[in-house]
Protein chains: 2
Amino acid sequence: MQEDLKVLLVQRRVAPFEGFWSLPGGFVKMNETLEQAALRKLKEKTNVDQVYLEQLYTFADLERDPRARVLTIAYYALVSSEHFTLKPSEAVADVKWHSMYDLPELAFDHAYILDYALQRLRNKLSYTTVGSQLLPEKFTLPELCRIYELILNREIDKRNFRKKMAIMDVLEDTEETSQKYSKKPAKLYRFKHSEIIELSQSPHTIIQPKTPRSLQGER
Amino acid sequence: MQEDLKVLLVQRRVAPFEGFWSLPGGFVKMNETLEQAALRKLKEKTNVDQVYLEQLYTFADLERDPRARVLTIAYYALVSSEHFTLKPSEAVADVKWHSMYDLPELAFDHAYILDYALQRLRNKLSYTTVGSQLLPEKFTLPELCRIYELILNREIDKRNFRKKMAIMDVLEDTEETSQKYSKKPAKLYRFKHSEIIELSQSPHTIIQPKTPRSLQGER
DNA sequence: CCAAAAGTGTTAGTGATACACCCATGT
DNA sequence: ACATGGGTGTATCACTAACACTTTTGG
């Protein structure tokens, strides 16, 4: 359990930014959706198949690319720590996983984009079950806790973490155990729902009455 | 203080969706930013100047427009309840403010986009000071509270609301009062910061230690 | 003096955080 | 028997939500 939060980067073979690492990307075809385009590009570099994909933001400043005006509609995917074969396509010198916390200098505005993505992911972590995408179907609570620690980049108290998970009520006990990381067997869990769930809690919000009343009749 | 949450719609003059109401929009020029394009289009219909603009999402499904594949990078702006002169441009039959809670049938996927925008706005309301954009510089607490009620579409307890605002510590007392909506004078406040502030609280998150400790050295 | 909106405090419940020891197993 | 990571409970504090009366003014 000494993993890391990683991002897949490709090394550019051509100018501009020749030799720099950058986010994988490419052009959207006229009759494919943005999601299809993102998946296609991802597949060119990995053999990833089922992934969580989310639109991040559209970056479109005029000077992003010295050659021409380029709009980037950025998506991010989360894949669990299983192994994928990386296959550099011909346009690219290399493909590699890099630690999010130890990045090389990136081409274009990609460092900014990555930073934006990390913030988004951290936010999502607190009110959804995105974390589920970074583990195999069955996992132990210490493993899940570790995912949170890696993304949030700080220690989490395991007792509080377990309590929180219990309250959220999103996990179910498989009857199995794992001894992957310890001699004492750890219970294996899975997420009750395969999709990503939004947790409805009442945090930090402006006043959420228990029994909402209608305001102004019709509305 | 019997206002409403409104959205600016334009009525289409031409097919497809002739006669339907739709969100104002247009094409981005080759050498303007998305924000500039959004502002330009907004200015064609109103005389709005200083506005809060935020990128919402990029909608790009293949069948959004029957004529061709169109990508829409949606932005939303918030303007305070002051009056703007609306000026329909020639491509458009009419321009009008519509209640968000009483919309006509909209062209394309614009109903979906609006719904998405409302959700975003509601979320932002709870952890930022976006509300400030919908009022003039100086305002009373009941007015601000009303903005929250309109956006969230539910009643808010005014005592709790005042307490919350006090804790957030984003308002400052002007020495003035207003009797616009009542005989008893209400104190006028203004936001301490003219920009929109993100409130750092600890809601609903997974465990935020008061004094964060470093995890794994360097990170 | 009446109507109308502004303004004000307290209590109970829930969720967040901090914290230390025992347990099951493999070696 | 010991080393390693898994698993557990409690007390404090902060925030949320519910709730009703007094104050200031204009008419």
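Quick note: the coordinates plus some simple rules give every number you see, no bench work behind them. What you are looking at is a predicted structure, and each value in this text was computed from that prediction instead of being measured. Please note: Cβ atoms are built from the backbone with ideal geometry, for glycine as well, and neighbour counts cover all protein chains shown.
Nearest 5 percent is fine: what portion of the DSSP beta bridges confined to region B:6-124 is antiparallel?
Values: 16 of 17 bridges.
For region B:6-124, the DSSP antiparallel bridge percentage is about 95.
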From phi via Karplus (6.51, -1.76, 1.60), per-residue ³J(HN,Hα) for region B:128-140 in Hz, x at Gly/Pro: 9, 9, 3, x, 4, 6, 9, 9, x, 3, 9, 7, 9
Listed residues A:Val79, A:Leu23, A:Ala68: farthest to the positive end of the dipole of region A:6-124 (Cβ charges): A:Val79
Centroid-to-centroid separation of region B:102-173 and region A:125-195 [C-alpha atoms, Å]: 36 Å
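Add +1 for every Lys or Arg and -1 for every Asp or Glu among the other residues with Cβ under 13 Å from the Cβ of A:Asp94, and state the total.
Numbers: positive: A:Arg12, A:Arg13, A:Lys45, A:Lys87, A:Lys96; negative: A:Glu18, A:Glu90.
Cβ neighbours under 13 Å give a net charge of +3.
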Most fluctuating residue given options A:Lys96, A:Lys41, A:Lys192, as computed from a GNM of chain A linking Cα atoms under 10 Å: A:Lys192
Candidates per chymotrypsin sites (Phe, Trp or Tyr not before Pro) in region B:167-199, loop by DSSP, up to 14 other Cβ within 10 Å: B:Tyr181
Amide hydrogen neighbours beyond the local backbone of B:Thr128, cut-off 5 Å, H modeled: B:Leu199
Cβ-derived FRET efficiency at R0 41 Å, B:Arg159 paired with B:Gln50, nearest 0.05: 0.80
Cα-centre dipole for region A:25-92 with unit charges at Cβ (Lys and Arg positive, Asp and Glu negative), debye to 20: 200 debye
Label geometry 7 Å along the beta-carbon vector: A:Gln50 inter-copy distances in nm: 5.3
Potential lengthening between A:Ala111 and A:Arg40 on full extension [0.36 nm per residue; Cα-Cα distance subtracted]: 23.3 nm
Under 5 Å, built H, 5+ apart or other chain: amide partners of B:Leu188: B:Thr174, B:Glu176, B:Thr177, B:Ser178
Calculated FRET efficiency for the pair B:Met168/B:Leu62, C-beta based, R₀ 41 Å, to 0.05: 0.40
Crossing angle, helix A:141-152 versus chain A [Cα axis fit, 0-90 degrees, rounded to tens]: 50 degrees
Distance histogram for region A:130-201 (every C-alpha pair counted, 10 angstrom bins, percent rounded to whole numbers): 18, 55, 25, 2
Region A:130-201, dipole about Cα centre (Lys/Arg Cβ +1, Asp/Glu Cβ -1), debye to the nearest 20: 420 debye
Other-chain or far-sequence residues with amide H under 5 Å of A:Tyr75's (modelled H): A:Leu56
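Given the C-alpha atoms of chain A, compute the convex hull and give its volume per residue in Å³. Provide the component values of the computation, followed by the final result.
Details: hull volume 42.1 nm³, N = 219.
Hull volume normalised by residue count: 192 Å³.
Can you tell me what share of the DSSP beta bridges in chain A is antiparallel? A percent to the nearest 5 is fine. Mind dumping the intermediate values first?
Details: 24 of 25 bridges.
If I count the DSSP bridges inside chain A, around 95 percent turn out antiparallel.
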J(HN,Hα) series, region A:68-73, from Karplus relation 6.51 cos²θ - 1.76 cosθ + 1.60, nearest Hz, glycine and proline x: 6, 7, 10, 9, 10, 9
Nm distances between copies for B:Gln119, ranked from closest, using label points 7 Å along Cα→Cβ: 2.1
For the protein assembly as shown, alpha-carbon Rg and Dmax in angstrom: 24.7, 75
Unit charges at the beta carbon, dipole of the protein assembly as shown: most positive-side option, B:Tyr101, A:Leu141, A:Thr33: A:Leu141
Gaussian network model of chain A, springs between alpha carbon atoms under 10 Å - residue of A:Ala37, A:Ala166, A:Ala117 with greatest fluctuation: A:Ala166
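Taking Cα pairs under 8 Å and at least six residues apart, what relative contact order does chain B come out at, in percent?
19 percent
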Euclidean distance between Cα centres, region B:30-50 to region A:44-78, Å: 25 Å
Cβ-placed point charges (K, R +1; D, E -1), dipole of the protein assembly as shown about Cα centre in debye, nearest 20: 1020 debye
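Within the set A:Lys124/B:Lys41; A:Lys164/B:Lys164; A:Lys138/A:Lys158; A:Lys6/A:Lys124; A:Lys41/A:Lys96; A:Lys138/A:Lys184, which residue pairs have Cα atoms separated by over 21 Å?
In this structure, A:Lys124/B:Lys41; A:Lys164/B:Lys164 lie more than 21 Å apart at Cα.
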